[in-house]
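Chemist: My questions will all concern the structure given below.
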Amino acid sequence: MNGTETLLILEVPAPILKAKAERVAAVDDGVRDLMERMLAAMYAAPGIGLAAPQVGVGRRVVVVDLAKEDEPPAPIRLVNPEVVWRSDEESIGEEGCLSLPGQYADVRRPESVRVAYLDEHGSPREIAAGGLLARCLQHEIDHLDGILFTDHLSALKRNMILRKLAKRRRDRD
Ligand code: NI
């Protein structure tokens, strides 16, 4: 992987989006470089979260930034993130995904989570998150297990979105 090349964000039905990503054994310069390039691709999209499988890399790496346009960037870099606690309380919120462009749906998830991970220096950390950050972290960690937000929907809604995406691809080609 060349250090300056812009990462391409893969879209459904790229097979890697349905695969389980591998744990990172050591947080080294290669992982740090990957995270910086994922952030660049995410900001360019633009999006608020990106998981390594979405750029064709089957490793457990996620980047997130919920800062608004008029706020300074606030990137979070997560290696081997894991939900270690989830609230019984759930919430429903609209989700989209850079790998399913133009598609949105309401998804039910735990309202709050605690996520354990390694930071970009390999130090263990934990985030307690609620609201949008909790939703975003759960969505991105799902990607590491080959799960898309459409997998949380009824078959009817999921197939509707997949049909719309297929049509979009046909119209584009
Ligand atoms: Ni996504």
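Chemist: Give, in nm to one decimal, the length gained when the segment between Asp29 and Ala67 is fully stretched (0.36 nm per residue of separation minus the Cα-Cα distance). Working shown, then result.
Modeler: Numbers: separation 38, 0.36 × 38 = 13.68 nm, distance 2.55 nm.
Between Asp29 and Ala67, full extension yields 11.1 nm more.
Chemist: Also, quick follow-up: Most mobile of Lys18, Lys68, Lys157 per a Gaussian network model of the chain (Cα springs, under 10 Å)?
Modeler: Highest fluctuation among the options: Lys68.
Chemist: So what's the convex hull volume per residue for the Cα atoms of the range 16-74, in Å³?
Modeler: Working: hull volume 4.8 nm³, N = 59.
Dividing the Cα hull volume of the range 16-74 by its residues yields 81 Å³.
Chemist: Over the chain, with the other protein chains present, what is the accessible area per residue in square angstrom, probe 1.4 angstrom?
Modeler: Numbers: 9430 Å² over 173 residues.
Per residue, the chain has an accessible area of 55 Å².
Chemist: Using 7 Å Cα-to-Cβ label points, what is the Ile147/Glu11 separation (nm, one decimal)?
Modeler: Computed distance between label sites Ile147 and Glu11 equals 2.5 nm.
Chemist: At Lys18 and Ile127, where each label point lies 7 Å from the Cα along Cα→Cβ, what is the point-to-point distance in nanometres?
Modeler: 2.9 nm
Chemist: Using 1/(1 + (r/R0)^6) with R0 = 22 angstrom and r between the beta carbons of Lys164 and Tyr43, what's the FRET efficiency to the nearest 0.05?
Modeler: Working: r = 26 Å, r/R0 = 1.19.
Once the sixth-power term is evaluated, E becomes 0.25.
Chemist: Of the GluC sites (Glu not before Pro) in the range 1-95, which ones lie in a loop per DSSP and count no more than 16 other C-beta atoms within 10 Å? Can you show the working numbers first?
Modeler: Working: sites: Glu5, Glu11, Glu22, Glu36, Glu69, Glu82, Glu89, Glu90, Glu94, Glu95; in loops: Glu5, Glu11, Glu69, Glu89.
When the GluC sites (Glu not before Pro) of the range 1-95 are filtered for loop state and at most 16 Cβ neighbours within 10 Å, Glu5, Glu11, Glu69, Glu89 remain.
Chemist: Taking a temperature of 10 °C and a viscosity of 1.306 mPa s, what whole-number D in µm²/s does Stokes-Einstein yield for the range 91-155 with Rh from Kirkwood over alpha carbon pairs?
Modeler: Working: Rh = 12.8 Å.
Taking Rh from Cα pairs, D becomes 124 µm²/s.
Chemist: For the chain, evaluate the Debye formula with one uniform point scatterer on each Cα (no solvent term) and list log10 I(q)/I(0) at q = 0.10, 0.17 Å⁻¹, rounded to two decimals.
Modeler: These q points yield log10 I(q)/I(0) values of -0.37, -1.10.
Chemist: Within the chain, what is the number of lysine pairs with alpha carbons under 27 Å apart, leaving out pairs fewer than eight places apart on the same chain? The partial results should precede the final answer.
Modeler: Values: Lys18/Lys157; Lys18/Lys164; Lys18/Lys167; Lys20/Lys157; Lys20/Lys164; Lys157/Lys167.
Total qualifying Lys-Lys pairs in the chain comes to 6.
Chemist: Could you please report the charge total around Asp173, scoring K, R as +1 and D, E as -1 over all other residues with beta-carbon less than 13 angstrom from its beta-carbon? Don't jump to the answer; show the numbers that get you there.
Modeler: On the way: positive: Lys167, Arg168, Arg169, Arg170, Arg172; negative: Glu11, Asp171.
So the environment of Asp173 carries a net charge of +3.
Chemist: Can you send over the carbon and sulfur percentage of the accessible area for the chain, probe radius 1.4 Å, protein chains only? Please report the intermediate quantities before stating the final value.
Modeler: Details: 4850 of 9430 Å².
C and S atoms contribute 51 percent here.
Chemist: Provide the convex hull volume over Cα atoms per residue for the range 1-102, in Å³. Kindly include the intermediate steps, with their values, before the conclusion.
Modeler: Numbers: hull volume 14.5 nm³, N = 102.
So the per-residue Cα hull volume is 142 Å³.
The values are calculated or read from the model by the stated rules, or taken from the named source; none is laboratory data. A quick note: this is a predicted structure, and the numbers were derived from the prediction, not measured. All Cβ positions, glycine included, derive from the backbone under ideal geometry; neighbour counts span all protein chains shown. In case anyone asks, the SASA skips ligands and DNA or RNA and just uses the protein heavy atoms, side chains included. Shrake-Rupley method; radii C 1.70, N 1.55, O 1.52, S 1.80 Å.
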